[in-house]
Each structure stands twice: as structure tokens, then as C-alpha cells.
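The values are calculated or read from the model by the stated rules, or taken from the named source; none is laboratory data. What you see is a predicted model, and the numbers here were worked out from it, not measured in a lab. Using ideal geometry, Cβ is built from the backbone for each residue, glycine included, and neighbour counts are taken over all protein chains shown. Accessible surface is based on the protein model in full, side chains and every heavy atom, while ligands, DNA and RNA are left aside. Shrake-Rupley method; radii C 1.70, N 1.55, O 1.52, S 1.80 Å.
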Amino acid sequence: MKVIIMAGGEGSRLRPLTCDRPKPMVPIMNRPMMEHIVALLAGYRLTEIGVTLQYLPERIRNYFADGREFGVNIRYFEEESPLGTAGSVKNAASFLDETFLVISGDALTDFNLQQAIDFHRARGGVATLVLTRVENPLEYGVVITEKDGRITRFLEKPSWGEVFSDTVNTGIYILEPEILTHFPPGVMFDFARDLFPLLMSKGYPLYGYIAAGYWCDIGDLQQYRQAHLDILQGRVRVRFTEREVTPGVYLGEEVVIEKGAVIDGPVVIGSGARIACGARISDCTVIGPHSQVEAHASVKRGLTWRHAYLGPRVELRGAVLANRVRVQQGSALFEGAVVGDDTVIEENCTIRPNVRIWPHKRVESGTIVTESLIWGTKPSRMLFGHDGVGGIVNLEISPELVAKLGAAYGSLLGEGGQAAVASDEWKASRMLKDAAIAGLLSSGIRVYDLGITVTPVTRQAVKRLGVKGGLHLQLSRETQDNIRIKIFDGQGFDLSKSWERKIEQAFYREDFKRLKSSGVGETVQLNNYTEYYLENLLRGVEQAHFRGVPRQVVLAYPTPWLYSLLVPLLQQLNCEVHTISLPLSGEPLTIADLRERFDHAAARVRALGADLGVCIDPGAETLVLIDERGRVVADELYTALTALLVFRSGAGSTVAVPVTAPHVIEQLADLYQGVVVRTKTEPRSLMEAQAAAEPPDGQAELFNFSFDAVASLLKILEVTAASATTLGTLLDSIPPFFLHRREVDCAFAAKGAVMRRLIGEAGGEQVELLDGIKVRHGQDWALVLPDPEKPLYRVYGESYTQEAAEELTDLYVQKIKKIQQEETKDIV
């Protein structure tokens, strides 16, 4: 009798194990599922086999070839597109010229197939379905038969209300070739859903044979693990390729078990595996061929495939590791965790129960993984980056993650605490804002919903409302696919590093409150708070300065929300506003997008004879100006301009600037008897330094040029109006400076070595380590600053000419590249 093995299954419910292999090639007891089926068939001398293929067919062809190695003859029939169970068998019709058996290549069974075949022949029907009894029939086709086995009723995958039997269809059939003539080739057609009901409607007798023995279709990861337990506990008859050396302990060829290792059966250890002294393997574990289990590692109910590595003191409890997974020292994986091919779990990680990690990932040291990792290359043990929490919407930053983040933050604020929440107008921000509010409410927080606004408004609201903290969600500065979540303390400042770590710990440990329904928080709508913010800004400027000739202002590429805020505000200050509209897409422009349009905006300023041009990012944190001559005032030049204004406001004024700012700041301080405070580049450091520099009357709050573009714009307009000067004149009073910056790739693992080597190579040069490495070369300097979120360095250089600054920057870029090459050679 000929046999068809259906082997086209994708096995989506077994992912990540089936990400790059068809389901029949997933190993059971160190052999592909389908190999167990082939062995079963060969045992009943069913050796003429056709195999239907569809998903990753070459993986099956390459392994089984013509079947000779397995004692059978195999032919293959490939579907170009899925045809269903009956359709795929019809695709092999040229092979089926006699009674044939159909069986799935991704099930596990020890049924006596000869008894089923004898039953079919005795009944003389066109089809016999092999049946079995199960405890939960919901995932199968339920069947009722008469005493002679004739099928009277069946229903595919019923609900509990439709269950009329515990006898189910196993997908093993014995069929006559004529049944394939009842439907056309090349169409989607299923045995249970289409063909069998059709045959019964035509009066053909179908029979069911209730088989004794074991059967499992291994439809999901839980059934996959259970199948191994059933084999090791003797519930199913399966031929082991490993030899039994002591009761329940099966070893392959050339297995090394060091003295002091403990092996408690039932256990299977594949060929070439090595178990180190002090390791313990027990309780229905399967270790794959050529795997290594290091000293004092412990594996219970664990499954590892080929070439897995378990480092010292690793704990594996009911988890599955696919090929070449490396679990490093001190990490633990718990019940139901599944890790895909070629993933690295670094030291001291915890993989929580039922977490699935897709292939080719790297989990950083110390990470507690509580959610499945599908996209990206690694989960970081740190939620927070340089400027809050950021990532790709719906991939790295999902509503689930944001709700959990809100719950973690809310738990730390304390039940009954208060927080302000807002977002920009981007629809993704608004979606995720709702998720953040839900998380905060679940922790018992009273939430003041500010609606749509900009980051400076949220910062001010947190402080003025007297709440414990706040969140603001906005478009990323870098790309339109990314979101940025900013979390503030009670002063409206970015959180301190200690608070960020507290939130991360609560988030990853899921250490937050689960309140009863009566304890959840409430939401208070404050959609008009922006109006209060504007009123406060206007109270801080002397509007009499703006009388006289109107100022001509070009407002370039504002978002619709910023347009509605800025145009009336500027008109109230006697400005005539000319607008350059957003592109037709209407999407907000990131800072990177705006930079590409500065030249166009500058040309418009010159053409209109305007007093200045204004570009503001969607979050209203970054202000870029264009003077009447078309000069763009951004980045370091903007920092110098704002420092000039602060120093001119009074002798002894203090300016806080990041370590990346040019030396011209000190020159201006000398000119106006001011003080310069250098800070780290992270926003929190700059905020704290600026707050410390405020005079007692607090009026310097409006000089917060680094974080409030709207307030900064008003202050600059007021200064130029009060002194009857132009922006260009102010720029002319800033001494020239030449600063260059570049980025250079550097793997995270190499950053420490680069820093160490650069400090060592600085020699007699003056080195500052406030943030990164700043090396002074006389009056010149170079700064090497590692990016906290990306595998790269930012290199800054300042010198007496632009060419010299570029040469200095390039020197350190080359040094970084050279050090990486040398370190790589040392590792090799």
C-alpha cells in the first residue's frame, strides 16, 4: 500500500521553533517529527511514500532525499500555493493508483496501522478515518459512529456547546483513489470540511476506526513539550537512537559526562554532548547533540536542540532552546519559555515563563524578559535612553508596553498620587497617551489629562499644578516612525537616573500594584491648560516694547497645532506672520526633516525682507532662527546666541551649557563678567545646572532656552525689540568659532575598550572626563562621546579654522576605527 505524508505545514503556532523550518522538521527526541512517522511506516512495511510539500520544501528534501537511508522510497509533490489537505493529496494523484494511507508528517503516534488497514478492507468503504478519544475535543473534528464503524455525524472544531462526542479525527485516513475524482485539481479543498461531507451527501459510506494507542498532533508549544514528557514517561512507543546505559538514561555516541555531574533519568543526551562537573540533568530532559552544559548548571524538564550552550550556574526549568542558543553564566529560563535559533542570552538574565524569543536575538546582561521578543535584535535591560523612552511605534513601543510603563511609574508615585499627561497631535502619540493613562489609573493615580499640547506646556503644568510627576508623548526628533515618551518629576524636570532605574526595576519585575476596582484612579480633563501657559508667557514680557513698526516673521513648517498657537501669539506682539506650509502629506516634520529645508526657509526670509525666520520642532523644544540675511541659527550657534543674551542681562549672570558647546561661551563670559557651568549632555544635568543658576526672583525661568522654543522665541523678540536691534546684529557680536562633529560606528561591546585606550593614548595632553573623553590640544579640543542608545560614537572637534576642526575630528574618528580593529584581532 502506498502512503502520502502531508508535510506542507508552516506550524505558525510552534513559532519561534518554525521560523526557518517546516513543522515536520521540528525535532522530537533529537530527530525531526517526520522521521518518527517514516519509522512507524517502515515498521509496517509501508515503504512507498509520497510527500506533499509547500512551506520551505527544500529543508525536507535535503534531509530525507530519496528515503533510502530510512528504509523507504520517497517521491515529492510540491504545491505552489496552499491547496488544503485534500487538494494537496490530489496534487499527487499520478502516484496514487491503489488504496493508500494518508498521515500527517507533524504528528506523533504509535497506532497499529495494520489493524486500521485490515478494518478498512473488511468494511469495503471508500474512506476510513482513524479516530481516537481525547479529553478536550475542541481543536479537532468530532465524530460519531455506529456499532459497525459507519460514520453518522462529524463536526470540525466545535465549541463546547456543539461537542457531542470525545471521539475525534486524527487526520490519518485510508482511502480509495476514486475519492479524488470528486473535485477538480488545483483548488483549495479540505478532507474534513469539504470532501467527507460531499461524499456522505452522495451516499458513500465512510467508516471510523477507533485506534488504541498514543496520538498527538503537536499543534502548539505546550503539546510539543508534552510529547517529550509522554515519550520519556513511557506513554508512547518510540524507538530511541541513543542507547540506555542505566535505567531511564539514554546516551548518544561520544557523550562526555565529567566526574561530579549528576544525571537523574529519564534523560536523553545526544551524541557529542558534554556535561561538566557539578552540572545536574534530571526530570525528563532532552539534551541535543553537541550541546554543552557547564559546571553547576541545572536542567529540569528542559529541551535543547543541537549545539546549545548552557554556561555555569544556568537554570533551565521546562524551557526549550533551539539550535545554537547560548545561555551565559547565571541566567535562568522558566517553564514554557522558548528561544529561537542562534539567540544569545547574556549573563544573569531571567526569562520569565511562557516568553518566546525569536531567532537571532541578543538579550543583554541582567535583563528580565517578561514579554515575547519578536522584532529588533535585542531587548535592553534599560527602558530609558538619553532622552526618555523611545522606539518604533507598535513594534518596540506598543500600547501594552506603554500601559505597563504607566503602571510601573504610577506604583512608584504611590496610590492617591497625581500626574499630568499630554501628547502632541500625532495620532500615534494620542493612541499611546491613552495607554499610559490606563496604566497610571490602574495604579490608583489621579490623572490630569492636558489633551494635545507641547512638551514645555506639560513641564510647566506639572510644576504649577503641584502634581508628583508627568508624562508627555511626542514624535521622535529623528524619524516619523518613532515615538518619544518623556517622564518628569515634580519640578517638570526629566527624571533622575535613580528614578529611571526604579521604574525599570518595577517594569521588568512587574512589581506594581493591582488594585481593586474601587481603588483605581480618575481622569480630570484640563484641555485648556495651554491657554494658561500662554497667559503666563505674555505676563513675562514687556508688551510696550513691541509697539511701533510691525516685525516681519516667517514661520516655517509649523504643525497645525503650533500654527494655531503661534500665529495669534505673534500677532498679539505686533508681528506680521508669513507661513511656509507643511508638505502635502501633512505629516509633522522632525528636526532631521526641518534641517533639509533650512535653505528654502532662509531664501524666503531674504525674499520677503523679513526680520527673522522661525522653525520649531513639533514638540516645541528646539528653536531654529534665521536672521535677516538668511543665516541659520541652530545648534552651537544658537547656544552661543542664548548665552550672549543671558550674559547681557546683567553682570555675574551664570550660563549652563553642555560639554559639547564651543569655547566661545567662555569668551563671552569674560567679556560680560559672566560665569560658565559645563554639564553632561543629558537633559537632566543641564536642567539642574540651569535651575541652580536662577536668581532668587525666578525671572530666569523664561531664559530656559534649551527646552522651551516658544518662550525662547518671545524672549529673543523682546530683546531685539527693546534694543531696536536685529538678530543679525546680535550674531555679529559673537566671536567666530569653528566646530565640527562626526559619527563613527562602534559596537556596544567595544565601547569600553575604546574609552580605555583613548585615555591611555592621550599621554601628556589635558584630559577631561565630565562626559565622554575631552582631550585638549592647546587651545583646540576634541570630544569623544559614546551614544547611550546606538552603537556609535559622536566625535566633536574645535579649532582655529573649520579645516583644522575637521582634521582634529577625523583624527579621533580614525583612532576609534583603529582601536576596534586591533581589539577584534586580539579576540580572534
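Normalised Debye scattering of the chain at q = 0.05, 0.11 Å⁻¹ gives log10 I(q)/I(0) of -0.42, -1.19, counting only Cα atoms as equal scatterers and leaving out solvent. Report the FRET efficiency, 1/(1 + (r/R0)^6), for Glu587 and Gln223, where r is their Cβ-Cβ distance and R0 is 51 Å, rounded to 0.05. So, using R0 = 51 Å, E works out to roughly 0.65.
Under the simplified labelling scheme, the Lys497-Phe748 pair shows an inter-label distance of 1.7 nm, with each label point 7 Å from Cα along Cα→Cβ.
Remark: spin-label model distance Tyr76-Thr246 equals 4.4 nm, labels positioned 7 Å along the Cα→Cβ axis.
Placing dummy labels 7 Å off each Cα toward the beta-carbon, the span from Glu789 to Ile452 is 2.4 nm. Dipole check for region 160-278: with +1 at the C-beta of Lys and Arg, -1 at the C-beta of Asp and Glu, and the Cα centre as origin, the magnitude is about 200 Debye. Ligands, DNA and RNA are left out, and with a 1.4 angstrom probe the accessible area of the chain is 42 Å² per residue.
For region 438-492 versus region 713-736, the spacing of their alpha-carbon centroids is 33 Å.
Under the classification rounded if a/c is under 1.5, otherwise prolate if a/b is larger than b/c and oblate if not, where does region 291-364 fall, given a ≥ b ≥ c as square roots of the Cα gyration tensor eigenvalues? Present the calculation step by step, with values, prior to reporting the outcome.
On the way: a/c = 1.22, a/b = 1.13, b/c = 1.08.
Rounded.
Against the longest alpha carbon principal axis of the chain, how many degrees, from 0 to 90 and to the nearest 10, is the axis of helix 33-43 turned? Taking the Cα atoms of the chain, the angle to 33-43 is about 10 degrees. Compactness ratio for region 1-154: Cα radius of gyration over 2.2 N^0.38 Å (N = residue count) comes to 1.06. A straight Cα-to-Cα reach below 24 Å connects Lys715 with the lysines Lys463, residues fewer than 8 places away in its own chain not being considered. For region 328-407, pairs of C-alpha atoms spaced more than 18 angstrom apart make up 40 percent of the total.
Pop the C-beta distance of Val520 and Tyr563 into the FRET formula with R0 = 30 Å and round what comes out to the nearest 0.05. Before the final figure, lay out the partial values.
Numbers: r = 37 Å, r/R0 = 1.25.
Taking R0 as 30 Å, the efficiency between Val520 and Tyr563 is 0.20.
Given in Å, the Rg to one decimal and the Dmax to the nearest whole number for the Cα atoms of region 747-797 are 11.0, 33.
Based on DSSP H runs of at least 4 residues, each adding -39500 (n - 2.57), what is the mean residue ellipticity at 222 nm of the chain after dividing by all its residues, to the nearest 500 deg cm²/dmol? Don't skip to the answer; put the middle values down first.
Details: 21 runs with 243 residues, N = 828.
Per the formula, -9000 deg cm²/dmol.
Sparse packing (at most 13 other Cβ atoms within 10 Å of the Cβ) combined with a DSSP loop state is found for the following GluC sites (Glu not before Pro) in region 593-664: Glu596. Beyond 29 Å in Cα-Cα separation lie the following of the pairs Lys23/Lys90; Lys300/Lys404; Lys680/Lys751: Lys300/Lys404.
Label point of His578 set 7 angstrom out along Cα-Cβ; within region 606-625, amide nitrogens under 18 Å from it belong to 606-616, 625.
Given 10 °C and 1.306 mPa s, compute D for region 239-386 with the Stokes-Einstein relation, Rh being the Kirkwood radius over Cα pairs; round to the nearest whole µm²/s. The partial results should precede the final answer.
Values: Rh = 15.1 Å.
The diffusion coefficient I find is 106 µm²/s.
I need the calculated FRET efficiency for the pair Gln115 and Asn348, taking r as the beta carbon distance and R₀ as 60 Å, to the nearest 0.05. Can you show the working numbers first?
Values: r = 54 Å, r/R0 = 0.91.
Calculated transfer efficiency: 0.65.
For region 767-800 versus region 509-563, the spacing of their alpha-carbon centroids is 36 Å.
Compute the relative contact order of the chain as a whole-number percentage, counting only Cα pairs closer than 8 Å that sit 6 or more residues apart in sequence. Don't skip to the answer; put the middle values down first.
On the way: 1826 pairs, mean separation 47.0, N = 828.
Reported relative contact order: 6 percent.
The trypsin sites (Lys or Arg not before Pro) found in region 710-789 include none that occupy coil by DSSP while having at most 12 further C-beta atoms within 10 Å.
Taking only the Cα atoms of region 520-609, how large is their convex hull per residue, in Å³? Could you put the intermediate results ahead of the total?
Values: hull volume 13.2 nm³, N = 90.
Once divided by residue count, the hull of region 520-609 is 147 Å³.
Taking 0.36 nm per residue of separation and subtracting the Cα-Cα distance, full extension of the segment from Glu510 to Ala607 would add 29.1 nm. Per-residue extension of 0.36 nm, minus the Cα-Cα distance of Arg631 and His663, leaves a gain of 9.4 nm for this segment. A straight chain from Met431 to Leu769 at 0.36 nm per residue would run longer than the Cα-Cα distance by 117.6 nm. Loop-resident GluC sites (Glu not before Pro) (DSSP state other than H, G, I, E or B) in region 713-821 with no more than 15 further Cβ atoms inside 10 Å of their Cβ: Glu765, Glu789.
For region 359-477, the spread of Cα coordinates along the three principal axes comes to 47, 30, 22 Å, biggest extent given first.
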